[in-house]
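Structure, as structure tokens:
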Amino acid sequence: SDAIVITVDGPGGAGKGELTRRLAEALDFDLLDSGAIYRVLGYAVRKAGLALFDEDSVVQEAKLLNLTFECMDDGVHVLLGGEDVSLAIRTEEAGNNASKVAAYPSVRQALLDRQRQFLKEPGLVADGRDMGTVVFPKAQVKIFLDASAEVRAKRRCLQLEAKGKSADFDTVLAEIKERDDRDRNRPVAPLKPADDALLIDSSDMNIEEVFRTAAEYIMSKT
Ligand code: C5P
């Protein structure tokens with residue numbers, strides 16, 4: 001197929017989601033939020049009363065996962081069966097559960113085709129941890145978006161405060177570091193830049209600057 005793939009990988013809170021949305025909109029490409037798949041899986045496992053550490057159950061759940069993304073006026077909604085889980089999967093706990101189920105090689109294997117099926121013309125912007133290394137290794141454009149753990153924790157606290165929730169910086173920082181460690185050190189598809197990825201450190205950049213840097217790079221590669 002002639003479809004173009006742009007991958008955006010990096011740790012949580014680096015701004016991948018926002019960059020991916022802006023790129024998909026500017027290019028009129030489809031979008032894959034692969035983290036949402038792992039989040040929904042963690043949610044489904046807990047809802048079924050199964051244990052996150054029971055790999056066999058988690059794989060079964062992954063194979064059966066009845067997940068759909070729906071575009072609505074206020075953004076993309078995530079449905080599990082008929083249930084709208086868009087908000088439920090965005091908690092800190094859901095992120096942590098996602099990173100536990102995502103550590104199983106068999107689970108990642110079971111979700112591989114499902115992710116690749118998102119690719120259609122004219123193109124796809126895919127965000128996650130292993131989009132450029134495993135899921136779309138032949139992607140024409142690969143970006144790795146990073147930021148220091150402290151900056152990511154600060155952004156997360158501001159997001160929580162904007163939602164009227166209280167946020168303790170040290171707790172948030174500790175959670176971010178715990179999830180980073182698990183994602184970076186797992187044996188299969190660990191969080192790391194593809195050899196041919198452009199590294200962008202967004203610690204001292206705003207979203208406009210990140211978008212401009214990415215857009216210029218995409219134009220130079222396509
Ligand atoms: O990006 P997000 O925070 O939604 O991802 C949640 C978790 O899902 C990550 O911490 C990671 O463990 C897992 N994940 C993954 N591979 C991806 C996307 C997410 O392992 N491509």
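FYI, it's all coordinate maths here, none of it is from the lab. Only a predicted model underlies this, so the values are computations on that prediction, with no experimental measurement involved. Note that each Cβ is placed from the backbone with ideal geometry, even for glycine, and that neighbours are counted across all protein chains shown.
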Exercise for the section: Determine, for each peptide in 79-88, 152-161, 139-148, the mean count of other beta carbons within 10 angstrom over its residues, then list the peptides with the highest first. Expected result: 139-148, 152-161, 79-88
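Compute the relative contact order of the stretch 105-222 as a whole-number percentage, counting only Cα pairs closer than 8 Å that sit 6 or more residues apart in sequence. Spell out each step's value before the answer.
Details: 89 pairs, mean separation 40.3, N = 118.
The value is 34 percent.
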Problem - Lys120-Gln140 FRET efficiency (beta carbon distance; Förster radius 22 Å; 0.05 resolution) - result: 0.90
Fill in the blank from the handout: Taking R0 as 25 Å and r as the Cβ-Cβ distance between Met72 and Glu18, the FRET efficiency 1/(1 + (r/R0)^6), rounded to the nearest 0.05, comes to 0.90
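Can you compute the equivalent ellipsoid semi-axes for the stretch 112-166, i.e. the square root of 5 times each eigenvalue of the Cα gyration tensor, sorted largest first and rounded to whole Å?
Working: eigenvalues 191, 40, 19 Å².
Semi-axes (√(5λ), whole Å): 31, 14, 10.
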Handout entry: For the stretch 146-211 versus the stretch 60-74, the gap between their alpha-carbon centres in whole angstrom
Key = 25
Fill in the blank from the handout: the stretch 1-46 and the stretch 76-95 have their Cα centres apart by a whole-number Å value of 15
Handout entry: Convex hull volume per residue in cubic angstrom - Cα atoms of the stretch 1-103
Key = 127
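Specify whether the C-alpha gyration tensor of the stretch 101-221 places it in the rounded, prolate or oblate class, a ≥ b ≥ c being the square roots of the eigenvalues: rounded for a/c under 1.5, otherwise prolate if a/b is larger than b/c and oblate if not. Intermediate values should be presented prior to the final figure.
Values: a/c = 1.94, a/b = 1.26, b/c = 1.54.
In terms of gyration-tensor shape, oblate.
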Handout entry: Residues listed by number, the stretch 45-62, amide nitrogen under 20 Å from Ala88 label point at 7 Å toward C-beta
Key = 45-54, 57-62
Handout entry: For the chain: relative contact order, % (alpha-carbon pairs under 8 angstrom, 6 or more apart)
Key = 33
Exercise for the section: May I ask you to order 71-78, 204-211 by the average number of other C-beta atoms within 10 Å around their residues, highest value first? Expected result: 204-211, 71-78
Exercise for the section: Calculate for the chain the 222 nm mean residue ellipticity that helices alone would give, adding -39,500 (n - 2.57) per DSSP H run of length 4 or more and normalising by residue count, nearest 500 deg cm²/dmol. Expected result: -14000 deg cm²/dmol
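Indicate, rounded to the nearest 5 percent, the antiparallel portion of the DSSP beta bridges found entirely in the chain.
Numbers: 8 of 26 bridges.
Rounded to the nearest five, the antiparallel share is 30 percent.
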Handout entry: Against the rule of thumb 2.2 N^0.38 Å, how large the Cα Rg of the chain comes out
Key = 0.98
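Counting other Cβ atoms within 10 Å of each Cβ, which chymotrypsin sites (Phe, Trp or Tyr not before Pro) in the stretch 25-92 have at most 11 and sit in a DSSP loop?
Details: sites: Phe29, Tyr38, Tyr43, Phe53, Phe69; in loops: Phe29, Phe53.
Sites meeting the loop and neighbour criteria: Phe53.
How much length, in nm to one decimal, is gained on full extension between Arg212 and Asn96, taken as 0.36 nm per residue of separation minus their Cα-Cα distance? Intermediate results must be reported in sequence, preceding the final value.
Working: separation 116, 0.36 × 116 = 41.76 nm, distance 3.12 nm.
Extending this stretch completely gives an extra 38.6 nm.
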Exercise for the section: Using 0.36 nm per residue of separation minus the Cα-Cα distance, give me the extension gain between Ser220 and Asp170 in nm, one decimal. Expected result: 14.0 nm
